[in-house]
1. Which one of SER21, PHE99, ALA68 has its Cα pushed farthest toward the positive end of the charge dipole of the chain, where Lys and Arg give +1 and Asp and Glu give -1 at the Cβ?
2. 5 Å is the cut-off here: which amide hydrogens, built 1.01 Å from N in the peptide plane, fall below it relative to PHE99, excluding neighbours closer than 5 in sequence?
3. Using θ = phi - 60° and the Karplus relation 6.51 cos²θ - 1.76 cosθ + 1.60, list the HN-Hα couplings for the stretch 117-132 in order, rounded to whole Hz, with x at every Gly or Pro.
4. Distance between the C-alpha centers of the stretch 1-65 and the stretch 81-139? Whole Å please.
5. Over the chain, what is the percentage of antiparallel beta bridges among all DSSP beta bridges, to the nearest 5?
6. Non-local amide H neighbours of ARG75 (under 5 Å, H modeled in plane, Pro and chain starts lacking H): which ones?
7. Just to check I understand the Karplus step: with θ = phi - 60° and J = 6.51 cos²θ - 1.76 cosθ + 1.60, what whole-Hz values come out for the stretch 57-72, glycine and proline as x?
8. Given the DSSP H assignment, sum -39500 (n - 2.57) over each helix run of at least 4 residues in the chain and divide by its residue total; what's the result at 222 nm in deg cm²/dmol, nearest 500?
Amino acid sequence: METDDRLLADPLAVLEDNSLSLLVVRNGTELYRSFRDGVRPLLELAAWFPGGLDDATAADRVVGACAARIFEYLRVSRVVGLTGSVSAERILHAAAIPFSFRVTVTAIRNREDTGICPFEQLSLEHPKPLDLIRAMGTKLAELRKPADH
């Protein structure tokens, strides 16, 4: 596989230019890309790379505490994001994973902007990655159920 110098130099620009939500690269080679919003790409990443992603860089549109815990679990070597939360910074710093965010926010908000993102909240309730991954799957199933009228 050919390496792409742009993936080495600026994976966040590649993410933006291709309208991706998540991009993972290693040594100039793309390992994973997703256009899907939300946490589904994180769950997919955890399922597809059970052995981890050593020496990889994750470029993500939004890095909250939930994403930070998944990246820590997968042992990525670097995280770059368009937006990151203070709690994500704390998690990545504690895990000694270098990171940079274009914009840092106090917390990731839910889609309606009425409160904290439910997955950001889950990551606070489930600090162990495997517990968090299970809880994320459960929460996604709950959110997909039609509302009772």
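1. Checking the options against the dipole of the chain, the answer is ALA68.
2. VAL79
3. Calculated HN-Hα couplings, in order: 4, x, 7, 5, 5, 4, 5, 6, 7, 10, x, 7, x, 5, 5, 5 Hz.
4. The stretch 1-65 and the stretch 81-139 have Cα centres separated by 17 Å.
5. Roughly 45 percent of the DSSP beta bridges within the chain come out antiparallel.
6. Those qualifying (amide H under 5 Å, at least 5 residues apart or on another chain) are LEU53.
7. 10, 9, 10, 9, 5, 10, 10, x, 4, 4, 4, 4, 5, 5, 5, 5
8. -12000 deg cm²/dmol
Just so you know, all these numbers are worked out from the coordinates, no wet-lab data involved. Computed from a prediction, not measured in an experiment: that's the story for all the values here. Cβ: placed from backbone, ideal geometry, glycine included. Neighbour counts: every protein chain shown.
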